[in-house]
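> Attaching a single structure in structure tokens format; questions to follow.
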Amino acid sequence: MTATDRPGPRGRGWTGRLLAEGSDPDPRFSLANERTFLAWIRTALALVAAGIGLALVDDLVEAPLRHVLSIGSAAIGALVAALAFHRWLHTERALRRAETLPPPALAPLLAYGLAAAAIVLLVAVLLTR
């Protein structure tokens, strides 16, 4: 392997492709993007934990609804985790290209989804008491 065959300091795979685009943005913007990504990951982890908690609480609501809410919460947590990386990548790419940042498509989906799940859970708890 010659010096020209070796990968450069930018790396291989998706990271190499990302870093090859545009120019390095102000580190503060990249770090803010990373903090936002980590906030979405914490939200995903909380949703998965809520799903586990719902699965373990027998006296909260009847089994079929509890299972649906539990599986739904864990599945949404997995989806949020995957979409968090997707959002981070698209935002980082926009920063490197000095383009307009992508809109937060995940935020309204999560907000409306959680509101609907909370209403269903609230009604179920009130009807069983």
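The values are calculated or read from the model by the stated rules, or taken from the named source; none is laboratory data. Since we're looking at a predicted model, the values are computed, not measured. We place every Cβ from the backbone using ideal geometry, glycine too, and count neighbours over all the protein chains shown.
> Hey, among Leu65, Leu47, Leu54, Leu69, which residue is at pLDDT 90 or above, part of a helix (DSSP H, G or I), within 30 Å of Ala115 (Cα to Cα) and among the aliphatic types (A, V, I, L, M)?
Numbers: Leu65 fails: at pLDDT 90 or above; Leu54 fails: at pLDDT 90 or above; Leu69 fails: at pLDDT 90 or above.
Leu47 is the lone residue from the list that is at pLDDT 90 or above, part of a helix (DSSP H, G or I), within 30 Å of Ala115 (Cα to Cα) and among the aliphatic types (A, V, I, L, M).
> Hey, Ala98 hits all of (1) without any contact (Cβ under 8 Å) to a residue 60 or more places away in the chain; (2) closer than 30 Å to Asp26 by Cβ but one; which does it fall short on?
With respect to (1) without any contact (Cβ under 8 Å) to a residue 60 or more places away in the chain; (2) closer than 30 Å to Asp26 by Cβ, Ala98 is out only on (1).
> Mind checking which pairs have a first residue in segment 102-121 that is in contact (Cβ under 8 Å) with a residue 60 or more places away in the chain and within 17 Å of Ala82 (Cα to Cα) and a second that is polar (S, T, N, Q) and not in a loop (DSSP other than H, G, I, E, B), Cβ under 9 Å, 6 or more apart or different chains?
Leu110/Thr43
> A further question follows. I'd like the full set of residues that are under 30 Å from Leu69 (Cβ atoms) and either under 13 Å from the mean Cα position of the chain (by Cα) or modelled with pLDDT under 85 (or both), limited to segment 86-107. Break it down stepwise before answering.
Here is the first cut: in segment 86-107, the residues under 30 Å from Leu69 (Cβ atoms) are 86-88, 103-107.
Passing the criteria: His86, Arg87, Trp88, Pro104, Ala105, Leu106, Ala107.
> Quick one: is Ala82 free of Cβ contacts under 8 Å to residues at least 12 places away in the same chain, aliphatic (A, V, I, L, M) and over 25 Å from Arg17 (Cβ atoms)?
Numbers: free of Cβ contacts under 8 Å to residues at least 12 places away in the same chain: yes; aliphatic (A, V, I, L, M): yes; over 25 Å from Arg17 (Cβ atoms): no.
Criteria not met by Ala82.
> Just checking, which of Glu99, Glu92 is of a type in the set (Asp, Glu), part of a helix (DSSP H, G or I) and out of contact with any Gly (no Cβ under 6 Å at 6 or more places or on another chain)? Steps first, answer last, please.
Values: Glu99 fails: part of a helix (DSSP H, G or I).
Of Glu99, Glu92, the one residue that is of a type in the set (Asp, Glu), part of a helix (DSSP H, G or I) and out of contact with any Gly (no Cβ under 6 Å at 6 or more places or on another chain) is Glu92.
> Please enumerate the residues belonging to segment 22-72 that are touching a residue at least 40 places away in the same chain (Cβ under 8 Å), surrounded by 11 or more Cβ atoms within 10 Å (Cβ to Cβ) and farther than 30 Å from Leu126 by Cα.
Gly22, Pro25, Phe29, Ser30, Asn33, Glu34, Thr36, Phe37, Trp40, Ile41
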